[in-house]
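Some notes on the structure that comes next.
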Amino acid sequence: QVQLVESGGGLVQAGGSLRLSCAASGSFRKINNMGWYRQAPGQQRELVATITSGGNTNYADSVRGRFFVSRDNSKNTVYLQMDSLKPEDTAIYYCNVYAVFTTTILQTLYWGQGTQVTVSS
């Protein structure tokens, strides 16, 4: 099993910044891809950013150039630096990780509990 603990959400004015963290713990052998998704009221959950174990990143067009994903493999933690926030960024943000428990390539997806980000205009 993997436990994901998210932190860093809150209320911020438009143009401001927030930094989200998501720490993974458990009896896994390693963590592969890590990512952030978000879900606004009445909307489907959508990709925000992902990062591979080697540091390759991918961003949604709506956040590229404003949000920056990073990870600390020694701490099994993924971060999301969010700058120039807009009201439309308001959502619950969820982290996810793909954990490997054996010496095979099999991996299991886990989700965090979500953290609220609210951007006021």
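For the stretch 49-108, a tally of residues being among the aromatic types (Phe, Trp, Tyr) and under 16 Å from Arg29 (Cα atoms) returns 2.
Considering only residues in the stretch 67-105 that are open to solvent by 10 Å² or more (accessible area, probe 1.4 Å) and of a type in the set (Asp, Glu), the one that is farthest from Gln3 (Cα to Cα) turns out to be Glu88.
So that you can scan it fast, the table gives a plain yes or no per residue for (1) out of contact with any strand residue (DSSP E or B) (no Cβ under 8 Å at 6 or more places or on another chain); (2) part of a strand (DSSP E or B); (3) open to solvent by less than 30 Å² (accessible area, probe 1.4 Å); (4) of a type outside the set (Phe, Trp, Tyr):
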position: Gln3; (1), (2), (3), (4): no, yes, no, yes
position: Leu11; (1), (2), (3), (4): no, yes, no, yes
position: Ala23; (1), (2), (3), (4): no, yes, no, yes
position: Asn33; (1), (2), (3), (4): no, yes, no, yes
position: Tyr37; (1), (2), (3), (4): no, yes, no, no
position: Gln44; (1), (2), (3), (4): yes, no, no, yes
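Restricting attention to the stretch 106-121, the residues that are in a loop (DSSP other than H, G, I, E, B), over 14 Å from Gln3 (Cα atoms) and small (Gly, Ala, Ser) add up to 1.
Can you find a residue in the stretch 52-62 that is in contact (Cβ under 8 Å) with a residue 24 or more places away in the chain and either buried (at least 19 other Cβ atoms within 10 Å of the Cβ) or farther than 22 Å from Ser120 by Cβ (or both)? For the stretch 52-62, residues in contact (Cβ under 8 Å) with a residue 24 or more places away in the chain and either buried (at least 19 other Cβ atoms within 10 Å of the Cβ) or farther than 22 Å from Ser120 by Cβ (or both): absent.
The values are calculated or read from the model by the stated rules, or taken from the named source; none is laboratory data. It should be emphasised that the depicted structure is a prediction, and the values quoted were computed from it without experimental measurement. Neighbour counts are summed over all protein chains in view; Cβ atoms, including those assigned to glycine, are modelled from backbone coordinates with ideal geometry. We work out accessible area using only protein heavy atoms, side chains counted, and drop any ligands, DNA or RNA first. Shrake-Rupley method; radii C 1.70, N 1.55, O 1.52, S 1.80 Å.
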